[in-house]
Amino acid sequence: MQQTNLTSHFLIAMPSLKDPNFEKSVTYICAHNEEGAMGIVINKPLDIDLGEIFEQMDILTENQETKNRTIFHGGPVHTDRGFILHQTNKEWDSSIIVSDELCVTTSKDILEAIAAGEGPSESLIALGYAGWTEGQLEQEIMENAWLSGPANSEIIFKTPFGQCWNTAVDHMGIDIEKLSLDIGHA
(Lines give C-alpha, C1' and ligand atoms only; values in the text may rest on other atoms or scores of the structure.)
Protein backbone atom coordinates (compact mmCIF):
# COMPACT_ATOMS: atom_id res chain seq x y z
CA MET A 1 0.00 0.00 0.00
CA GLN A 2 1.39 3.36 -1.02
CA GLN A 3 2.00 5.66 1.92
CA THR A 4 3.35 8.81 0.29
CA ASN A 5 2.45 10.51 -2.96
CA LEU A 6 5.62 12.01 -4.42
CA THR A 7 3.92 13.99 -7.22
CA SER A 8 5.61 17.41 -7.51
CA HIS A 9 8.61 16.21 -5.48
CA PHE A 10 12.24 15.75 -6.35
CA LEU A 11 13.90 12.37 -6.37
CA ILE A 12 17.57 12.91 -5.69
CA ALA A 13 19.93 10.05 -6.48
CA MET A 14 22.00 8.83 -3.56
CA PRO A 15 25.76 8.83 -4.16
CA SER A 16 25.68 5.01 -4.28
CA LEU A 17 23.33 4.97 -7.31
CA LYS A 18 25.62 4.28 -10.28
CA ASP A 19 23.06 3.66 -13.06
CA PRO A 20 24.27 6.03 -15.85
CA ASN A 21 20.70 7.24 -16.43
CA PHE A 22 20.36 8.38 -12.82
CA GLU A 23 23.81 8.87 -11.28
CA LYS A 24 23.75 12.22 -9.42
CA SER A 25 20.38 12.95 -11.01
CA VAL A 26 17.53 15.12 -9.86
CA THR A 27 14.15 13.93 -11.14
CA TYR A 28 10.95 15.94 -10.94
CA ILE A 29 8.06 13.53 -10.26
CA CYS A 30 5.12 14.44 -12.52
CA ALA A 31 2.79 11.63 -11.45
CA HIS A 32 2.80 9.06 -8.65
CA ASN A 33 -0.11 6.76 -7.93
CA GLU A 34 -0.96 3.11 -7.28
CA GLU A 35 0.06 2.22 -10.86
CA GLY A 36 3.60 3.63 -10.55
CA ALA A 37 5.43 6.89 -11.12
CA MET A 38 6.63 9.12 -13.95
CA GLY A 39 9.24 11.88 -13.77
CA ILE A 40 11.59 14.06 -15.78
CA VAL A 41 15.32 14.12 -15.02
CA ILE A 42 16.25 17.82 -14.96
CA ASN A 43 20.05 17.78 -14.87
CA LYS A 44 21.32 15.41 -17.60
CA PRO A 45 22.01 17.43 -20.76
CA LEU A 46 22.06 15.78 -24.18
CA ASP A 47 24.48 16.60 -27.00
CA ILE A 48 21.74 18.23 -29.05
CA ASP A 49 20.14 21.63 -28.83
CA LEU A 50 16.63 22.92 -29.42
CA GLY A 51 17.57 24.11 -32.92
CA GLU A 52 18.13 20.49 -33.95
CA ILE A 53 14.70 19.55 -32.59
CA PHE A 54 13.11 22.47 -34.45
CA GLU A 55 14.84 21.38 -37.66
CA GLN A 56 13.54 17.80 -37.33
CA MET A 57 10.01 19.10 -36.72
CA ASP A 58 10.09 21.81 -39.44
CA ILE A 59 9.67 24.59 -36.87
CA LEU A 60 11.27 27.88 -37.88
CA THR A 61 12.88 30.46 -35.61
CA GLU A 62 15.53 33.08 -36.14
CA ASN A 63 16.27 33.44 -32.43
CA GLN A 64 19.75 31.97 -31.93
CA GLU A 65 19.43 31.94 -28.14
CA THR A 66 16.31 29.78 -28.43
CA LYS A 67 18.01 27.48 -30.95
CA ASN A 68 20.96 27.03 -28.56
CA ARG A 69 18.83 25.93 -25.59
CA THR A 70 19.95 22.72 -23.95
CA ILE A 71 17.82 19.59 -24.32
CA PHE A 72 17.84 17.16 -21.40
CA HIS A 73 17.77 13.37 -21.13
CA GLY A 74 14.51 13.13 -19.20
CA GLY A 75 14.94 9.43 -18.61
CA PRO A 76 15.32 6.12 -20.42
CA VAL A 77 11.64 5.65 -21.43
CA HIS A 78 10.38 6.93 -24.82
CA THR A 79 13.58 8.83 -25.59
CA ASP A 80 12.12 9.72 -28.98
CA ARG A 81 9.36 11.83 -27.39
CA GLY A 82 9.64 15.36 -26.09
CA PHE A 83 8.40 16.49 -22.70
CA ILE A 84 8.28 20.19 -21.78
CA LEU A 85 8.18 20.98 -18.07
CA HIS A 86 6.85 24.53 -17.64
CA GLN A 87 4.83 27.01 -15.62
CA THR A 88 1.03 26.62 -15.64
CA ASN A 89 0.36 30.01 -17.18
CA LYS A 90 -1.38 28.83 -20.40
CA GLU A 91 -3.19 25.79 -21.76
CA TRP A 92 -1.64 23.73 -24.55
CA ASP A 93 -3.02 20.88 -26.66
CA SER A 94 -1.61 18.09 -24.50
CA SER A 95 -0.71 19.09 -20.94
CA ILE A 96 -0.77 17.35 -17.59
CA ILE A 97 -1.16 19.74 -14.67
CA VAL A 98 1.24 18.50 -12.00
CA SER A 99 0.83 21.24 -9.41
CA ASP A 100 -0.44 24.81 -9.07
CA GLU A 101 2.91 25.92 -10.52
CA LEU A 102 3.98 23.30 -13.07
CA CYS A 103 2.72 21.32 -16.08
CA VAL A 104 4.20 18.81 -18.48
CA THR A 105 3.25 19.25 -22.14
CA THR A 106 3.96 16.90 -25.04
CA SER A 107 2.27 18.70 -27.94
CA LYS A 108 3.92 20.52 -30.85
CA ASP A 109 2.01 23.77 -30.19
CA ILE A 110 4.19 24.65 -27.18
CA LEU A 111 7.39 24.18 -29.22
CA GLU A 112 5.97 26.41 -31.96
CA ALA A 113 5.16 29.04 -29.32
CA ILE A 114 8.70 28.79 -27.88
CA ALA A 115 10.12 29.23 -31.40
CA ALA A 116 7.95 32.32 -31.90
CA GLY A 117 9.00 33.78 -28.54
CA GLU A 118 5.49 33.25 -27.14
CA GLY A 119 6.09 30.16 -25.01
CA PRO A 120 6.17 29.93 -21.23
CA SER A 121 8.70 32.23 -19.59
CA GLU A 122 10.21 29.22 -17.80
CA SER A 123 10.51 25.79 -19.39
CA LEU A 124 12.76 22.74 -19.51
CA ILE A 125 12.71 20.50 -22.58
CA ALA A 126 13.58 16.82 -22.28
CA LEU A 127 13.59 13.76 -24.47
CA GLY A 128 12.31 10.72 -22.64
CA TYR A 129 11.13 10.26 -19.10
CA ALA A 130 11.78 8.11 -16.05
CA GLY A 131 9.13 5.56 -15.21
CA TRP A 132 8.52 3.13 -12.37
CA THR A 133 5.98 0.32 -12.23
CA GLU A 134 3.65 -0.31 -9.30
CA GLY A 135 5.70 -0.43 -6.08
CA GLN A 136 9.06 -0.13 -7.87
CA LEU A 137 9.85 3.42 -6.73
CA GLU A 138 8.86 2.66 -3.16
CA GLN A 139 11.16 -0.39 -3.22
CA GLU A 140 14.07 1.67 -4.60
CA ILE A 141 13.56 4.27 -1.85
CA MET A 142 13.59 1.49 0.77
CA GLU A 143 16.84 0.22 -0.80
CA ASN A 144 18.38 3.65 -0.20
CA ALA A 145 18.70 4.62 -3.89
CA TRP A 146 16.85 7.94 -3.57
CA LEU A 147 16.19 10.91 -1.33
CA SER A 148 12.88 12.67 -1.86
CA GLY A 149 11.68 16.12 -0.96
CA PRO A 150 9.46 18.94 -2.19
CA ALA A 151 10.41 20.30 -5.60
CA ASN A 152 11.63 23.84 -6.11
CA SER A 153 11.06 25.65 -9.42
CA GLU A 154 14.20 27.77 -8.87
CA ILE A 155 16.26 24.57 -9.01
CA ILE A 156 14.40 23.35 -12.11
CA PHE A 157 14.59 26.56 -14.14
CA LYS A 158 17.35 28.76 -12.71
CA THR A 159 20.08 26.47 -11.36
CA PRO A 160 22.79 25.43 -13.85
CA PHE A 161 22.38 21.70 -14.53
CA GLY A 162 25.87 20.95 -13.18
CA GLN A 163 24.83 22.35 -9.79
CA CYS A 164 21.29 20.89 -9.55
CA TRP A 165 22.19 17.77 -7.59
CA ASN A 166 24.18 19.62 -4.89
CA THR A 167 21.63 22.44 -4.74
CA ALA A 168 18.70 20.00 -4.38
CA VAL A 169 20.51 18.13 -1.57
CA ASP A 170 21.35 21.44 0.15
CA HIS A 171 17.72 22.60 -0.27
CA MET A 172 16.66 19.56 1.78
CA GLY A 173 19.07 20.59 4.54
CA ILE A 174 21.05 17.37 4.26
CA ASP A 175 24.80 16.92 4.53
CA ILE A 176 25.22 14.17 1.93
CA GLU A 177 28.65 13.29 3.31
CA LYS A 178 27.09 12.25 6.63
CA LEU A 179 24.44 9.97 5.15
CA SER A 180 24.88 6.25 5.53
CA LEU A 181 24.88 4.39 2.25
CA ASP A 182 24.04 1.11 4.00
CA ILE A 183 20.59 -0.39 3.85
CA GLY A 184 19.22 -1.37 7.19
CA HIS A 185 16.09 -1.96 9.17
CA ALA A 186 15.56 -1.26 12.84
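I'd like the carbon and sulfur percentage of the solvent accessible area for the chain, probe radius 1.4 Å, heavy atoms only, ligands and nucleic acids excluded. Before the final figure, lay out the partial values.
Numbers: 4730 of 10230 Å².
Result for the chain: 46 percent of the exposed heavy-atom area is carbon or sulfur.
For the range 101-140, report the accessible area per residue in Å² (1.4 Å probe, heavy atoms, rounded to an integer). Write down the numbers at each step before the final one.
Numbers: 1570 Å² over 40 residues.
On a per-residue basis, the range 101-140 sits at 39 Å².
By a straight-distance test (C-alpha under 18 Å), which aspartates and glutamates pair with residue 178 as possible cross-link partners, with residues fewer than eight away in the same chain excluded?
Partners within reach: 143, 170.
One-quarter of the Cα convex hull surface for the chain, in nm²? Don't skip to the end; give the middle numbers.
Numbers: hull surface 43.6 nm².
Mean orientational projected area (the chain, Cα hull): 10.9 nm².
Using the heavy atoms of the protein chains alone and a 1.4 angstrom probe, what is the accessible area of the range 1-96 per residue in square angstrom? Write out the running numbers ahead of the final one.
Numbers: 5330 Å² over 96 residues.
About 56 Å² of surface per residue is accessible.
If each Cα of the range 117-161 is one equal point scatterer, what is log10 of I(q)/I(0) from the Debye formula at q = 0.18, 0.31, 0.32 Å⁻¹?
-0.81, -1.11, -1.12
Full extension from residue 80 to residue 4: what is 0.36 nm times the residue separation minus their Cα-Cα distance, to one decimal in nm? Kindly include the intermediate steps, with their values, before the conclusion.
Working: separation 76, 0.36 × 76 = 27.36 nm, distance 3.06 nm.
Gain in length upon complete extension: 24.3 nm.
Specify whether the C-alpha gyration tensor of the range 1-108 places it in the rounded, prolate or oblate class, a ≥ b ≥ c being the square roots of the eigenvalues: rounded for a/c under 1.5, otherwise prolate if a/b is larger than b/c and oblate if not. Each step should come with its number before you reach the end.
Working: a/c = 2.30, a/b = 1.40, b/c = 1.65.
Here the range 1-108 falls in the oblate category.
Hey, any idea what the orientation-averaged projected area of the convex hull of the range 79-186's Cα atoms comes to, in nm²?
Values: hull surface 35.7 nm².
For the range 79-186, averaging the hull's shadow over all directions gives 8.9 nm².
Just need the relative contact order of the range 26-121 here, percent rounded to a whole number, with Cα pairs under 8 Å and 6+ apart.
On the way: 141 pairs, mean separation 21.5, N = 96.
Over the range 26-121, the number comes to 22 percent.
Pairs of alpha-carbon atoms within less than 8 angstrom and 6+ residues apart define the contacts here; what relative contact order does the range 66-186 have, in percent? Let's see the in-between values first.
Details: 139 pairs, mean separation 31.4, N = 121.
In percent, rounded to a whole number, it is 26.
The values are calculated or read from the model by the stated rules, or taken from the named source; none is laboratory data. Just so we're clear, the structure is a prediction, and the values are computed from it rather than from any experiment. These area figures cover heavy atoms from the full protein model, side chains too; ligands, DNA and RNA do not enter into them. Shrake-Rupley method; radii C 1.70, N 1.55, O 1.52, S 1.80 Å.
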